[in-house]
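Engineer: Handing you a structure now.
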Amino acid sequence: MNRKRAIYVLLMACLVIAIGLSFYFYKKAQVDRLEITKATEPDNLPSYHFALIGEEMDHDYWRLVGEGAKDAEKKYDVFVEYEGPRRSNPEEQLKLLDQAIKAKVDGIIVQALTEDFLPMINKAVYQGIPVITIDTDAPESLRTTYIGTDNYLAGQIAGKTLVEDKKGQATVGIITGSFTNAHHQLRVEGFKNVVADIEGVEIVEIEESNITQVIAEEKTYEMLKNHPEIDALYGTSALDGIGMVHAAESLNRSSSIYMISFDTLPENMELLEQGKVDVLIGQKPYEMGYRSIELMLDIVKGRSVEEVNHTDATVVSQKNLDNFIPQERDEP
Ligand code: BGC
């Protein structure tokens, strides 16, 4: 009798649990369906759709720009479509710009690498799409504002630092990413402007690396072979700095050549820590990405913005290395 009763109680308990579970899952499915519906309802889509077009996605610098923009996306009512060629390719960048215009996005943020970007930027503006330039400016275009380093000033800072560190005596070789890209041109011009006044400093050769580390290394190697008197190298990009070090090392001249280049990205910082690079000019890619979204929101909401928004260029060397906190991810 007791056994029969126990089986009966057990069966009843199973029945109650089964009913409970069915009810629970039925309710959960209803809630899930409601959430999916809510997320896809037009009312819940972000109010703004911005396109951000960078130079090369496969580079730490542009990853930081993207992280900044995506963090801003989390905070504001906006969807950021972040795109760019894998490796530097201005034609592909221009195509992406054209596609963004055709897609009628609410705003375009683009690095204006060369003069070819000007008509395309203006085309967007004529079609009612506001444009912000990032990292590299096109001041003659109809863009509303620029966010990024003052590249001419950064070149001057590099020149002044070299003159001070070398006590006004240096034979310099320059490796620049490109002769045609505006920001590289400005970094060279700013540098030249400073050293032109210094009698003991002479620039003997300038070569371009085509924004690749391999070519930067090849060009530095030839340069050092042709000019054994070179005792200082200036590189206008992160990749140039790395190529310069490798070339000097293969000629056993790394310790006798003063090296200054751009960006405080992990690989460049490592070379600085090892004493293979003397100075890095740091930029703020994360801040550029983040603030570009805030600026575009101001523009589309009709608020006024400054015509130029310069982010800081910092000098990092052995002298201040201990106090240097990588600032790229600083929220502005
Ligand atoms: C420049 C960027 C460039 C990056 C990688 C940075 O110094 O400001 O324009 O894409 O280096 O080459």
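Engineer: Helix 2-40 sits at what angle to the longest principal axis of the chain, using alpha carbons and giving 0 to 90 degrees rounded to 10?
Structural biologist: The angle comes out near 40 degrees.
Engineer: What do you get when you divide the Cα radius of gyration of the chain by 2.2 N^0.38 Å, with N the number of residues?
Structural biologist: In units of the 2.2 N^0.38 Å rule of thumb, it is 1.38.
Engineer: If you don't mind, there's one more thing I want to ask. Output the antiparallel fraction of DSSP beta bridges having both residues in the chain, as a percent to the nearest 5.
Structural biologist: 10 percent
Engineer: Another question, if that's okay. Take each of the peptides 265-272, 317-324, average the number of other beta-carbon atoms within 10 Å over its residues, and list them starting from the highest.
Structural biologist: In decreasing order of mean packing, 265-272, 317-324 become 265-272, 317-324.
Engineer: Sorting check: for 191-202, 216-227, 5-16, which peptide has the highest mean count of neighbouring beta carbons within 10 Å, and how do the rest follow?
Structural biologist: The densest-packed peptide leads the list: 216-227, 191-202, 5-16.
Engineer: Another question about this same structure. Using Cα positions and a limit of under 30 Å, work out the lysines in reach of LYS192, with same-chain residues fewer than 8 apart set aside.
Structural biologist: Straight-line reach from LYS192, under 30 Å: LYS160, LYS166, LYS167, LYS219, LYS225, LYS276, LYS284, LYS319.
Engineer: Moving on to the next point. With angles folded into 0 to 90 degrees, how steeply does helix 60-75 sit against the dominant principal axis of the chain? Use alpha carbons for both and round to 10.
Structural biologist: 40 degrees
Engineer: If you take every DSSP beta bridge whose two residues both sit in region 192-332, what share of them, in percent to the nearest 5, is antiparallel? Don't jump to the answer; show the numbers that get you there.
Structural biologist: Values: 4 of 10 bridges.
That works out to approximately 40 percent antiparallel.
Engineer: For region 151-282, what are Rg and Dmax over the alpha carbons, in angstrom?
Structural biologist: Rg then Dmax for region 151-282, in Å: 12.8, 35.
Engineer: Would you tally the net charge around THR176, using a Cβ to Cβ cut-off of less than 9 Å, leaving THR176 out, and scoring K and R as +1, D and E as -1?
Structural biologist: Values: positive: ARG187; negative: GLU207, GLU208, ASP240.
Its environment carries a net charge of -2.
Engineer: Taking a cut-off of 25 Å between Cα atoms, list the lysines near LYS123, but don't count ones fewer than 8 places away on the same chain.
Structural biologist: LYS95, LYS102, LYS104, LYS301
Engineer: Excluding LEU295 itself, what net charge comes from residues whose Cβ is under 10 Å from its Cβ, given Lys and Arg +1 and Asp and Glu -1?
Structural biologist: Net of charged neighbours comes to -1.
Engineer: Where Rh is the Kirkwood radius over the Cα pairs of region 217-332, the temperature 37 °C and the viscosity 0.692 mPa s, what D in µm²/s does Stokes-Einstein return?
Structural biologist: Rounded, D is 207 µm²/s.
Engineer: What translational diffusion coefficient, in µm²/s and rounded to a whole number, does the Stokes-Einstein relation yield for region 55-187 at 25 °C and a viscosity of 0.890 mPa s, taking the hydrodynamic radius as the Kirkwood radius over Cα pairs?
Structural biologist: Here the translational diffusion coefficient equals 150 µm²/s.
Engineer: What does the charge add up to near ARG143, with Lys and Arg as +1, Asp and Glu as -1, over the other residues with Cβ less than 11 Å from its Cβ?
Structural biologist: Once positives and negatives cancel, what remains is -3.
Read the figures in this text as sums done on the coordinates, not as results from a lab. These numbers come from a predicted model, not from an experiment. All Cβ positions, glycine included, derive from the backbone under ideal geometry; neighbour counts span all protein chains shown.
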